[in-house]
């Protein structure tokens, strides 16, 4: 009996030991896989992702400058993707920390995290940056590295109001440098009677995606010829693209001796080439100087007031641009010609001749009104004023009003271009005049008014495929000459395939053009010196 009892106890102990060993052997092995051991965040802030996989439930925490997309998960055979977000490190030092994963079993693993301090990219952020830039440009050897970004541009990062600064105009913006506005605006308020007025004295580089706003005032008696432009007084071998001007210019001069004011929506005067693409002037330019005899006179344009010089080897190329600003010109100087154009006021001598165009105006428009008053003799055009250079004007249009006051001096006015010097070949094609040119009754000086071109021209000049519309209107009360295409040609230039419509007011007698009453004089002028030769011209029935 005792033997049986001892055997039963032995079997019970063996079963207990066996059961205990079996339970120990079936415990699930612990698994924790984290896809990253370190994370480095961008100084300006960034999001980093990593994954956690565990067969135990887990929780996750981080340093307080990190935000996690979860606080933990249940046990799962699938890796869980976690987003860790860090904002900009605005401090002066790098920061470090950890992301900690804790299993329900107590096992812990960490991910080391770090972030360098944010350093703003080189560029212009505030008005004080312009003060510093002005000082750098004034140095004997300007160093602009502080402002040049990694891609080589000087970038504007905010809208900046520089109205309170006195550092303008800054010295020359250098050749090869790029001012990238990034669609921001510079607001200015400049008042001066110096010879150079604008943000820069001379602009030699490239400006892109920039808007200019504010006002410029030039008054009193400047001591020398004055150049005025919101971006720069002068441009030299420069380029602007996708730039917009809303900066009004007011010029009120009391000079009694001869002095020229040259003003434009971007630059006063340009030389040695200027390229303009997709730019617009939206601001008014006003000139007043009523001194008699020899006083102040003007050259005004929506992009530039004047271009070129006798030694100029560059090309003025304005494409896809427009003017909507109004120009008010009240000049009293009796000794000098005044020039105003929707885009360009005056172009001067260039060494480029023959069939090499030094002036190219393509696919441009102007709708701004031009008011010419005072005694001064003036050449005004809806797109360009006077041309003293070989030029090509194509696919341009004018839809505003040019109004002429009473004067005893000659005026040359064209809906597209004013006076083309007879020494320079011009090609004007595909252009449209749908605006008005009105002259006040009582003028005693002869006015030469054409819907496309006023007068002048080399024998090789060609006007082709141009037109006026039913809204076109021209009045002239003392011929000179007038027509819907060219008022008077000094040489037998060619007018080809041009179509006209609208109203001509000849000394008070209005003629509404039609297919029934069309005559060639409506294209080449009525009065003396009708030398233009018309081919395939007629009424515009559109």
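The values are calculated or read from the model by the stated rules, or taken from the named source; none is laboratory data. What you see is a predicted model, and the numbers here were worked out from it, not measured in a lab. All Cβ positions, glycine included, derive from the backbone under ideal geometry; neighbour counts span all protein chains shown.
Observations on the model:
- Residues in the range 230-238 include none that are over 23 Å from the mean Cα position of the chain (by Cα) and at negative phi.
- Looking across 265, 314, 229, 273, one residue alone is under 19 Å from residue 386 (Cα atoms) and crowded, with 24+ Cβ neighbours inside 10 Å. It is 265.
- Some residue of the range 284-291 being closer than 23 Å to residue 242 by Cβ, modelled with pLDDT of 95 or more and surrounded by 24 or more Cβ atoms within 10 Å (Cβ to Cβ): yes
- Among residues of the range 435-450 that are not assigned by TED's automatic domain parsing to the domain that holds residue 479, none has a beta-carbon under 8 Å from a residue that is assigned to a strand (DSSP E or B) and buried (at least 24 other Cβ atoms within 10 Å of the Cβ) at least six positions away or on a different chain.
- Of all residues in the range 287-307, those that are closer than 15 Å to residue 378 by Cα and either in a strand (DSSP E or B) or under 12 Å from the mean Cα position of the chain (by Cα) (or both) total 11.
- Just so you know, in the range 167-208 the residues that are more than 22 Å from residue 283 (Cα to Cα) and in contact with a helix residue (DSSP H, G or I) (Cβ under 9 Å, 6 or more places away or on another chain) include one that is surrounded by the most Cβ atoms within 10 Å (Cβ to Cβ), and it is 173.
- 2 or more residues under 16 Å from residue 414 (Cα atoms): qualifying strands (runs of 3 or more DSSP E) within the range 473-542: 473-476, 479-483, 486-489, 503-506
- Taking the range 99-117 as the range and being in contact (Cβ under 8 Å) with a residue 24 or more places away in the chain and surrounded by fewer than 16 Cβ atoms within 10 Å (Cβ to Cβ) as the test, the residues that pass are 100, 104, 105, 107, 112, 114, 116, 117.
- When residue 96 is tested against (1) more than 30 Å from residue 203 (Cβ to Cβ); (2) surrounded by 13 or more Cβ atoms within 10 Å (Cβ to Cβ); (3) at pLDDT 95 or above, only condition (2) is not met.
- Looking across 495, 533, one residue alone is in contact with a helix residue (DSSP H, G or I) (Cβ under 8 Å, 6 or more places away or on another chain) and surrounded by fewer than 18 Cβ atoms within 10 Å (Cβ to Cβ). It is 533.
- Restricting attention to the range 31-81, the residues being crowded, with 17+ Cβ neighbours inside 10 Å, under 18 Å from residue 107 (Cα atoms) and in contact (Cβ under 8 Å) with a residue 60 or more places away in the chain number 2.
- A residue that is closer than 29 Å to residue 314 by Cβ and not in a strand (DSSP E or B) cannot be found anywhere in the range 178-188.
- If you go through the range 468-492 and pick out every residue that is touching a helix residue (DSSP H, G or I) at 6+ places or on another chain (Cβ under 8 Å) and modelled with pLDDT of 95 or more, you end up with 4.
- Put simply, of 484, 522 the only residue that is surrounded by 24 or more Cβ atoms within 10 Å (Cβ to Cβ) and free of Cβ contacts under 8 Å to residues at least 40 places away in the same chain is 522.
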